[in-house]
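Only one structure is covered here, and it is reproduced in the block below.
All of the numbers you see were taken from the coordinates with simple rules; none came from a lab. Bear in mind that the values here come from a model prediction, so they are computed numbers and not experimental data. Glycine also receives a Cβ, built like all others from the backbone with ideal geometry; neighbour counts cover every protein chain displayed.
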Amino acid sequence: MSTTPRFPHRHLLGIEGLSPHDITTLLDLADRAVEVSRQVEKKKTTLRGRTQINLFFEASTRTQSSFELAGKRLGADVMNMSVASSSIKKGETLIDTAMTLNAMRPDLIVVRHHAAGAVQLLARKVDCSVINAGDGAHEHPTQALLDALTIRRNKGDIRGLVVAICGDILHSRVARSNMILLNALGAEVRAVGPATLLPSGLERMGAKVFTSMKEGLKGADIVMMLRLQRERMNGSFVPSVKEYFRFYGLDSEKLAYAKPDALVMHPGPMNRGVEIASDIADGAQSLIREQVEMGVAVRMAVLEALASNLPNG
Amino acid sequence: MTDSPPVLIRDARLVDPASGREQRGHLAVANGVIVEMGAGIDPVAVPDGARVVDANGRVLAPGLVDMRAFVGEPGAEYRETLASAGRAAAAGGVTTVVCMPETDPPVDDPAVVDFLIRRARDTAAVRMLPAAALTKGLHGAEMTEIGLLMEAGAVFFTDGTRALTDPLVMRRALTYARDFGALIVQHVEEPRLAGGVMNEGELASRLGLPGIPREAETLMLERDLRLVRLTRGRYHAAMISCADSVEIVRGAKKAGLPVTCGVSINSLALNENDIGPYRTFLKLSPPLRHEDDRTAVVAALAEGVIDVIVSDHDPQDVETKRRPFAEAANGAIGLETMLAVGLRLVHAGEIGLVPLLRAMSTRPADILGLPQGRLEVGAPADLILFDPDEPFVLDPGKLQSICKNTPFDEARLQGVVHLTTVAGRIVHEIAG
């Protein structure tokens, strides 16, 4: 039996609080998980007998199925609970839900919630390991890890790379987790977008701020696009989709400002023609589909690392 | 109230924030008022039947006057009643409490003022004075019966946690109130800019929470002060929280406008970093700001630009607080802790004891036109005896309030109130 390297945390609530060593431990584990996922026999037994609950207060296709598949490939019993079928709609509080689920003795709970800090709150009330699958505009750690894994496998090393994170950074948990992780591993992080979508204090969070794509993408190794929510497109944060795409949508003209071998990423789901042109999303420089594959591997790595710390583990 | 026996307090450190005088001495109370005070540790004669309290050198000061507390009565008695708020106030050394009008029904009718005054007289240990709504139903559209409400006993007019946003309504209210000598108290926050849940800045960005810029406060404050200049109505900004607001108020006072302002005890003692991992007991309105803002409001208090300190006592139960930060209610309890928390500033050398007590007693009493808030022969015998140095660890379970949403949970504080009197009647006492 291969031993899992030591990961000194009970939960994965964010990238904040992880050391660079913790991060590379997870990425190394994920590299091994990629190999497992590419075999015909994809099943491992690491989580045999363990129960994993995916608790999604916010709709998600990609992240939820990715966690489900990751759990199943490791042999866990996976149960999905989504808000539509739960008693949250009947007025039960988050804490009550946490206590109820806890009484069912799961080993791992994967949580997505629309409010920042909600996963931390829930983690304080349960005995099992909790994984943050996205909490409001706070963090989405497994997305940052899968992005890092994708970058590392394509560029060899993250240190010294110029990564431009573009678009709606204000509302993005993906951007926050990525900024912390990429800074920890020594990349130069840039935040690019219209000023209405940039939160204050970005420089102190370790990002260089640009409001022009031309300036922000100059010399970039990685161009990471973010999704712009529909309700923010029409006059509230930006005047219109048309104007946003013209100035901030990634097309071949803007991508040409980056390095010739720059790679394009997007956490999905994409708004083609809003933040990214279709030909770029599907083009040779795009890593978007590979990100999805890495997503399963990274989540396997996280589940394995946390499971190794569970009682009787 | 006048039938309680005379009280004689001997060997006290008398601190009168009204005059700034401090002396070792004694003080005697009869018929609800201070009848004698002097430098001798003991008086020349002890009145017949007097209860003698040995202060052992502790501080004897006027009871605190709190211009801003939310009590759930009527309508939300599960959060706080006049009786429970009165117990909390007595234990914390607050002898006069102004209750906010955001009750159910709201205090926008003289009959509700009358109810509150009778109910408080019958059930509360301290003086509870109702503030009335500034607009009917707190809807911000039509002014209330300012004259009739004052006759009924309302001490000032405010829409509580809601800012009066309509400039026309504010202009007319200030103009109308002026001739009644009524005081208008505003929650200085432009709601359209205050859609966030904590101070805007790096920390909010890191936590992924929407921020409230300081401009939400300064914009409303500046607008209101323009209207005060136009109307000359008496205006009080309930709580300011940032350095820019201090400058605005300073300018208005220099220009001779009839303006005063307050600050929450929380804004003096805490900053945004205290929120830590999404602690909802520190979700407040105005939000806790940066440390630079905290030091600016502390300096403004010492200087007298800020007139009063309020507890902003706002009981919230588990249902409204044990939620994700953005979804939790604003507010913290404070009646019982405001003195000890204020003394933290004294111990840290940030403000003197006299200016602190002045902002918690004399100044608010003056603004409200009340005779208390001073140690003076003939003044109401609303008194507190406390040891400013005595340490304790705050145990929320021991607080008198029904709700336990204190930001000072398990905090190490100094300053224990040993005796509280209201009109000469002992309403709180701990032995020793």
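Principal-axis analysis of the Cα atoms of chain B puts helix B:243-254 at an angle of about 70° to the longest axis.
Amide H contacts of residue B:390: B:415, B:416, each under 5 Å away and 5 or more positions distant or on a separate chain (H built 1.01 Å from N in the peptide plane; Pro and chain starts excluded). In the calculated pair-distance distribution of the stretch B:70-183, the portion above 22 angstrom amounts to 30 percent of the Cα-Cα pairs. Within the listed set A:252, A:200, A:65, the Gaussian network model of chain A (springs between alpha-carbon atoms below 10 Å) gives the highest mean-square fluctuation for A:200. At full extension, residue B:114 and residue B:429 could sit 110.4 nm farther apart than now, given 0.36 nm per residue minus the alpha carbon distance. Inter-chain Cβ neighbour count for A:113-122, averaged per residue, equals 6 (cutoff 10 Å, partner chain atoms only).
Which order do the peptides A:187-198, B:54-65 take when ranked by the mean count of other beta-carbon atoms within 10 Å per residue, highest first? Before the final figure, lay out each step's value.
On the way: A:187-198: 21.7, B:54-65: 23.3.
Output ranking for A:187-198, B:54-65: B:54-65, A:187-198.
Computing FRET efficiency as 1/(1 + (r/R0)^6) for residue B:24 and residue B:48, where r is the C-beta to C-beta distance and R0 is 35 Å, gives about 0.85.
Evaluate E = 1/(1 + (r/R0)^6) for residue A:208 and residue A:31, where r is the Cβ-Cβ distance and R0 equals 30 Å; express this FRET efficiency to the nearest 0.05.
Values: r = 30 Å, r/R0 = 0.99.
My answer for the efficiency is 0.50.
Normalising the average separation of contacting C-alpha pairs (under 8 angstrom, six or more residues apart) by the number of residues puts the relative contact order of the stretch B:64-368 at 17 percent. Computed over neighbours whose Cβ is under 10 Å from that of residue A:277, the net charge equals -3, Lys and Arg +1, Asp and Glu -1.
Taking every DSSP helix (H) stretch of at least 4 residues in the protein assembly as shown, weighting each as -39,500 (n - 2.57) and dividing the sum by the residue count yields a mean residue ellipticity at 222 nm of -9500 deg cm²/dmol. Which log10 I(q)/I(0) values, to two decimals, does chain A give at q = 0.08, 0.10 Å⁻¹ under the Debye formula with one point per Cα? Log10 of I(q)/I(0), two decimals: -0.35, -0.55. Shielding of peptide B:207-217 by partners, expressed as the average count of other chain Cβ atoms within 10 Å per residue Cβ, is 4.
In this Cβ point-charge picture (+1 for Lys and Arg, -1 for Asp and Glu), chain B has a dipole of about 500 debye about its Cα centre.
A straight line joining the Cα centroids of the stretch B:91-136 and the stretch A:27-88 runs 57 Å.
Packing around the peptides A:297-310, B:277-290, taken as the average count of other Cβ atoms within 10 Å per residue, puts them in this order, highest first: A:297-310, B:277-290.
Once the mean of 1/r is taken over each pair of separate Cα atoms and inverted, chain B shows a Kirkwood hydrodynamic radius of 21.7 Å. Whole-Hz Karplus ³J(HN,Hα) for the stretch B:337-342, in order, using 6.51 cos²θ - 1.76 cosθ + 1.60 and θ = phi - 60°, x for Gly and Pro? Calculated HN-Hα couplings, in order: 10, 4, 5, 5, 5, x Hz. With 31 Å as the limit, write out which pairs from A:242/B:283; A:72/B:321; A:72/A:125; A:44/A:155; A:155/A:254; B:136/B:254 have Cα-Cα distances beyond it, or answer none. Going by Cα-Cα distance, A:242/B:283; A:72/B:321; B:136/B:254 fall outside the 31 Å limit. Stretching the chain fully between residue B:273 and residue B:148 yields a gain of 40.5 nm (0.36 nm per residue, less the alpha carbon separation). Could you point to the residue in B:347, B:147, B:230 farthest towards the positive end of chain B's charge dipole, with +1 and -1 charges on the Cβ of Lys/Arg and Asp/Glu respectively? Final value for the positive-end residue is B:230.
For the protein assembly as shown, report the convex hull volume of the alpha-carbon atoms normalised per residue, in Å³, without decimals.
Working: hull volume 127.8 nm³, N = 745.
For the protein assembly as shown, the hull spanned by Cα atoms encloses 172 Å³ per residue.
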